[in-house]
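Here's the structure we're looking at; comments come further down.
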Ligand SMILES: [Zn+2]
């Protein structure tokens, strides 16, 4: 079998050489025409490589290193969604990161809940980019940081939309489903929880939602199995309960937390639960900003700060 294959490969090689010789002979005595044809061929090849259409299922998720806070940029088929924007102090970092990524328009901005570590930097994003839809669980909250956020939403000519659990929307080829919003009394439990599905890959973002909300989501019977889990509440033991984790069964768990933060996040019990579930844990306090890129069904993590 192997010998036959080698003979065939040899014949193909001879045929290709003959073709190349006859192509070159056509330009005998016309070196300029030969070079021109060669340049055209190379330009065509380069065009085919660089202008490759994105394949359905290609998506990038940037987990930004905003310390003890949350911010993630999702890009799918040129459409963009910013989930949280870090603290006020992260504004210039967020602004320059989005600018470097060439973001001029945000199709969706999701403020998971009204705490500063999630909405503080959003005005900077709204200063840089135009915006489509802005989701937040509330339209009013008693803090200067929230008033500032509302001002910039107004300035952008948008308004805050409070989503409903169960609703879906598209982000390029991806489908985003809202799994929870305003499902508890505490501010953390007002968090918008959403799942992004793109081809065979999925991402679950839970904001700072705690066990109480996780149980409500389980009771609703959604399919929450996800490739990547953005771990709830910076890895606090009040989130990521066993029952919830057993349904999500993530391959990767992302924890956004500050170096030696005063809350002790992530808590050891949460890390133990994630390890028991077999998830690979990536933490912003250890790895900085992380980019998860899915291309042609192949998922890779990049750590630009390292
Ligand atoms: Zn938080």
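Shown for 222, 152, 97: other C-beta atoms within 10 Å of each C-beta, ranked fewest to most, produce the order 222, 152, 97.
Here residue 275 and residue 155 are evaluated by their C-beta separation; at R0 = 35 Å the FRET efficiency comes out at 0.20. Only Cα pairs under 8 Å and 6+ residues apart enter the sum, and on that basis the relative contact order of region 59-302 stands at 17 percent. A simple spin-label model places pseudo-atoms 7 Å from Cα toward Cβ; at residue 305 and residue 246 they are separated by 3.5 nm. Among 63, 205, a tally of other beta-carbon atoms within 10 Å of each Cβ gives an order, fewest to most, of 63, 205. With a Förster radius of 45 Å applied to the beta-carbon distance between residue 262 and residue 296, the computed FRET efficiency rounds to 0.55. With neighbours defined as other Cβ atoms within 10 Å of a residue's Cβ, the residues 271, 122 order from fewest to most as 271, 122. Residues of region 95-119 falling in the label zone of residue 147, defined by backbone nitrogen less than 16 Å from a point 7 Å along Cα to beta-carbon, are 116.
Cα gyration tensor of region 146-247, axes a ≥ b ≥ c as square roots of the eigenvalues: rounded (a/c below 1.5), prolate (a/b > b/c) or oblate?
oblate
FYI, it's all coordinate maths here, none of it is from the lab. Since the structure is predicted, the reported quantities are computational estimates derived from the model, not experimental observations. Note that we place each Cβ from the backbone using ideal geometry, even for glycine, and neighbour counts take in every protein chain shown.
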